[in-house]
1. Small (Gly, Ala, Ser) and surrounded by 20 or more Cβ atoms within 10 Å (Cβ to Cβ): which single residue out of A:Ala828, A:Ala875 fits that description?
2. Count, please, the residues in region A:460-499 that happen to be surrounded by 15 or more Cβ atoms within 10 Å (Cβ to Cβ), among the polar types (S, T, N, Q) and assigned to a loop (DSSP other than H, G, I, E, B).
3. If I go through region A:305-348 residue by residue, how many of them are touching a helix residue (DSSP H, G or I) at 6+ places or on another chain (Cβ under 9 Å), free of Cβ contacts under 8 Å to residues at least 60 places away in the same chain and among the hydrophobic types (A, V, I, L, M, F, W, C)?
4. Name the residue, out of B:Asp110, B:Asp135, that is within 11 Å of another protein chain (Cβ to nearest Cβ), over 24 Å from A:Pro26 (Cβ atoms) and of a type outside the set (Phe, Trp, Tyr).
5. Just wondering, is there one or more residues in region B:55-70 that are facing another protein chain (nearest Cβ under 7 Å) and not charged (D, E, K, R)?
6. Would you point out which residue out of B:Gln125, B:Gln129, B:Gln108 is in contact (Cβ under 8 Å) with a residue 40 or more places away in the chain and loosely packed, with under 14 Cβ neighbours inside 10 Å?
7. For A:Leu62, work out the one condition from (1) over 29 Å from A:Asn402 (Cβ atoms); (2) modelled with pLDDT of 95 or more it doesn't fulfil.
8. Considering only region B:25-41, state which residues are touching a Pro at 6+ places or on another chain (Cβ under 9 Å), part of a loop (DSSP other than H, G, I, E, B) and not small (Gly, Ala, Ser).
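The values are calculated or read from the model by the stated rules, or taken from the named source; none is laboratory data. In this text, all values refer to a predicted model and were calculated from it rather than measured experimentally. Reconstructed Cβ throughout: ideal geometry from the backbone, glycine too, with neighbour counts over all protein chains shown.
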Amino acid sequence: MKRRDFLKVISAAGGAAVAQGCSPAPSETLIPYLVAPDDIVAGEAAFVATTCRECPAGCGVLAKTVDARVIKVEGNPEHPVNRGTLCVRGQASVQSLYDPDRFRGPLLRRGDGSYQSMSWDDAEAALAAKLREARARGTGRVAWIGQLATGSFERLTREWLALVESDRRLFCETFDHEPLRRAAAMVMGRAEIPTYRFDEANFVLSFGADFLETWMSNVEFTRQYAALRRRRATDPFGCFVFASPRLSLTGLNADGWVAVRAGAEAALALSLVHAIVADGLSHESVRPHLDWVRSLVAPYAPEALTAITDVQPADVHALARQFTTAGPSLAVGGGAATRDPHAIDLEVAVLLLNAVGGNLGRTVTFGGGSALDGLATRDEILDLERALAHGNIDVLLVHHANPAYALPGGAFESALARVPFVVSLASTPDETTAQAHLILPDHHSLESWGDYAPRAGVAGMLQPAMAPILSTRASGDVLLNVARRLDAERAMALGPGDYASYVSRFWGALSPSDQAWTDALKRGGRYSNAAPVAAAMRDFTGSFPAVPLPDSRPAGSLTLIAFPSPFLYDGRQANDAWLQEIPDPVSRTVWNGWIEIHPDTARRLGLAQDDVVGVQSASGSVTTVVRLYEGVRRDVVAMPLGYGRRAPLRNAQARGARAAALLPPDGSSWRVDGVSLVRQGRRRLIVLQAETEMPPGRPPMAQVIRPSAAAVARERHLPADLYPPHAHREHRWGMAIDLNACTGCSACVAACYAENNVPVAGERACAEGREMSWIRIERYDAPRVPASGVRRFESVFLPMLCQQCDEAPCEPVCPVYATYHNPEGLNAQVYVRCIGTRFCSNNCPYKVRRFNFSRPSWPSPLELSLNPDVTVRSAGVMEKCTFCVQRIQAGKNVAAREQRPFRDGDVTPACAQTCPAQAIVFGDLNDPASRVTRLSQDRRSYHVLEELNTRPAIAYLKRVVPE
Amino acid sequence: MRAEGPQQPIDFSHRAHYVADNLDCEYCHSTARRAALAGVPALERCMGCHRFVATAHPDVAKLTRYWDRRAPIPWVQVSVVPRFVHFTHEAHVRAKVACAECHGPVEQMDRVAAAHDLTMGWCLQCHRQRRAPVDCLTCHY
């Protein structure tokens, strides 16, 4: 008897009527175009090239639009910075477009603190009136503080401010690089940020720069770093050492950790220079400067500084050898040390390191024209703060900046309260808009015209990917309109028309023809090679203190380090539900902030995992939850930035604590000494997939391989099989994931959420283990080999998704055949057949099947971001990774349309497409020439839980760890 | 022939247009051979002729009023498959399935009615006959 008849009989016997089939689906209304656009087909995706503005890296993106709305953001393959890939924050940016908490239109703050909507006409008239008053009172009474702008908007703000008789304009970023610029001025005579080439180096030494997460340009650096790792896979000593008091995600990827005392990074770097020079390891190119370098670093012998740096001289000498013998190498500063009393010392020392390593002109070059050179200095920000506090500014405009929250301490916030008229051009409420008198919400970057050039040779453009969904207005248009109201005659110098025409005129001056403008728009900008300039090191009389000692601290005192969150950055994306729900790669925490404490320190203080603690510093106090972490020094505790938001943001409000409140209010440091912790209670932190030590005796999930073994082919013994193999006549889809390249950044997770309409489970569901992500990053720490100072964590990041097993345990147990093995090797999940027994998830050894325990919902207007090519699942249905089957079907369709055979690269799932390290490769295992086939046969390849004989279609390549 | 189809905002008659001009289906439903949706023509396509043709006809007057108001016509869908089915016209046109096989003799209809219930069993019949894919993931994903 067939299964279906059996069920029919059972239900008939139970007295229930047997349905003949589904009742007809409800019919819908078909809305045609009035005038059909030439190049857009209804229901098919159109890609609009623009630029991501979530951070100053300025990656080029292609906004995927269907039926005039953006549904996903992908990297632009032509953009030199990201080359078609995109980080987790870029992938999540589509959520900020449809953020339900966005301002819906202009708002005026009434005397009692409530807000009143007004029309754009009235709002601009109100601003013009205030500006007229301010201008009448003198010069410099109007100030602008905003996100970094280049190109047309930079010029417009400058010209506009001149019109209101002011030049007070600050481009302000939470993570600036001022010490680096000052150091470059001292050492190279060029006050600019260098260009780094991680891929040209053979060895990287980072003093805390999290270049795989938030530092400068993480997508580009991740790609370069992955190339370096691939090239140096057989290097017995590894290719990356991280010197910092705390292991960030970037640090967990390193082959070695030098746990230098907080504040002593400069001393360590100088002692390294000393060791290199003393041991005769310096590069010949630095010979002309060797004498004065030697005298400069004379006081910093490793042996003399051990007590300060807490690094053994033997390790310093070994590191010096490693740094110079594997030339060219690359040293970068950064991390907590970028805001530090010794920050400039560190950056000078790092430049000297690069000099003696022979890296200048090879992996460190100048003349790159980084946009970050335009950032305001700390002194300029303090100046503005003082001017605001003294009432010298009548009108302050704030554009996509949140200094009231992001700047340490509370000085800016109190200064803001003294300003008579604060205008915010922000899109969503934040701690600074709370003090604004007038809110003129800007379009989202995906709705905007504009341009952004992260560096010379990369002039990226922005064009609207969809019409504005709310009554917002481009800030450029606001400035032009207000200027014309204020002073029509002088405003004529700004030109006619709206901001879009201002932008095209700005570009017209650069590219003379209309065709050039259209071509640039299609490519997302104009790209050219900017050759580095020759820059020579100067002999300078260093103004180092005798020894850059960290402040003397009593024994047992704790130093707090505030670090950038790899997902929330400085808090700007805290309202993004995906970024709250995807587990932080280091702490595995979701939906909350935390404080990292070493287990030994916690024991000493009488604290345990999940304890609520009050953290007190000289500048303030906050309350947060303990997360034990061995990746901090025993005298260091660490908190992520970006939590403790106070603004009315549904996903960010009152989550975690604002670490910046503990820092010195002059913004001089990301660390503060002498913090105390007091236990206040208990609260369970929701932690997903907590890191696991690989259990002894069993083959581990994430496997590592020594470089010597990586060169040797290994034998594979597959257990015998009861069943005949599946015939995959045409295609057999498979994947290869290189654990040596995966950095744990979780961009693939966000891309999957976007592509496959994966619902956000929420905090409560996550606590019950009901998160819905189809792909997750698991972190495994190999047993640590204690070495004297250069410890190895040997963390491996394993992206775990449905393995599309050939012998899937989930298939035979489904009572209704909702999951089965399809002829192309996919493990199919048919949502409409699923009745929710969850037997399949029970049987899955990888636990990659996610069940919809409740009906997923998307608060309006987030449902606009849903991908129409993927069914939206309802409650009671099992779902899992499908290898982006909608893309597979589309890819096969394109090949059929073009009447040609399917080619390798025709189909790229969302995860593989976005990975900045290109760690995930997808293709046809039946094609002997495809990349995935070659990688599956690599010596390093293995299958996870191979011994269970599930025969997965995903081959993982073992991570290489040094001897 | 099944019962009459749903009332549409304008009594557009396929028969009248076919008899008059022998228009091919794809003249209006132009994306059937290159996309998943066959598409309903933009108002501009109708006005291309009806700016001058039969302007006195009451339904053409209705059409013109929609055009003047810049309002698209809210047609009622007749050939319905549920949202969890990803049907693509392109593959079927490529396989030389005639429009009338699924939609019936539309060129003879004054008011479009569904010629067949578009149930999965009915689709599978033809798929089995023509040896088209019957794998679930072809349409359900």
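1. Values: A:Ala875 fails: surrounded by 20 or more Cβ atoms within 10 Å (Cβ to Cβ).
Among A:Ala828, A:Ala875, only A:Ala828 is small (Gly, Ala, Ser) and surrounded by 20 or more Cβ atoms within 10 Å (Cβ to Cβ).
2. The number of residues fulfilling the criteria is 2.
3. So the count comes out to 2.
4. Values: B:Asp110 fails: within 11 Å of another protein chain (Cβ to nearest Cβ).
So the residue among B:Asp110, B:Asp135 that is within 11 Å of another protein chain (Cβ to nearest Cβ), over 24 Å from A:Pro26 (Cβ atoms) and of a type outside the set (Phe, Trp, Tyr) is B:Asp135.
5. The initial filter retains those residues of region B:55-70 that are facing another protein chain (nearest Cβ under 7 Å), namely B:70.
Filter once more, so that each one left must be not charged (D, E, K, R): none.
Checking region B:55-70: not a single residue is facing another protein chain (nearest Cβ under 7 Å) and not charged (D, E, K, R).
6. Numbers: B:Gln125 fails: in contact (Cβ under 8 Å) with a residue 40 or more places away in the chain; B:Gln129 fails: in contact (Cβ under 8 Å) with a residue 40 or more places away in the chain.
Going through B:Gln125, B:Gln129, B:Gln108 in turn, the sole match is B:Gln108.
7. Looking at each condition in turn, A:Leu62 falls short on (1).
8. Filtering region B:25-41 for residues touching a Pro at 6+ places or on another chain (Cβ under 9 Å) gives B:27-30, B:39-41.
Now restrict to residues that are part of a loop (DSSP other than H, G, I, E, B): B:29-30, B:39-41.
B:His29, B:Val40, B:Pro41, listed by residue number.
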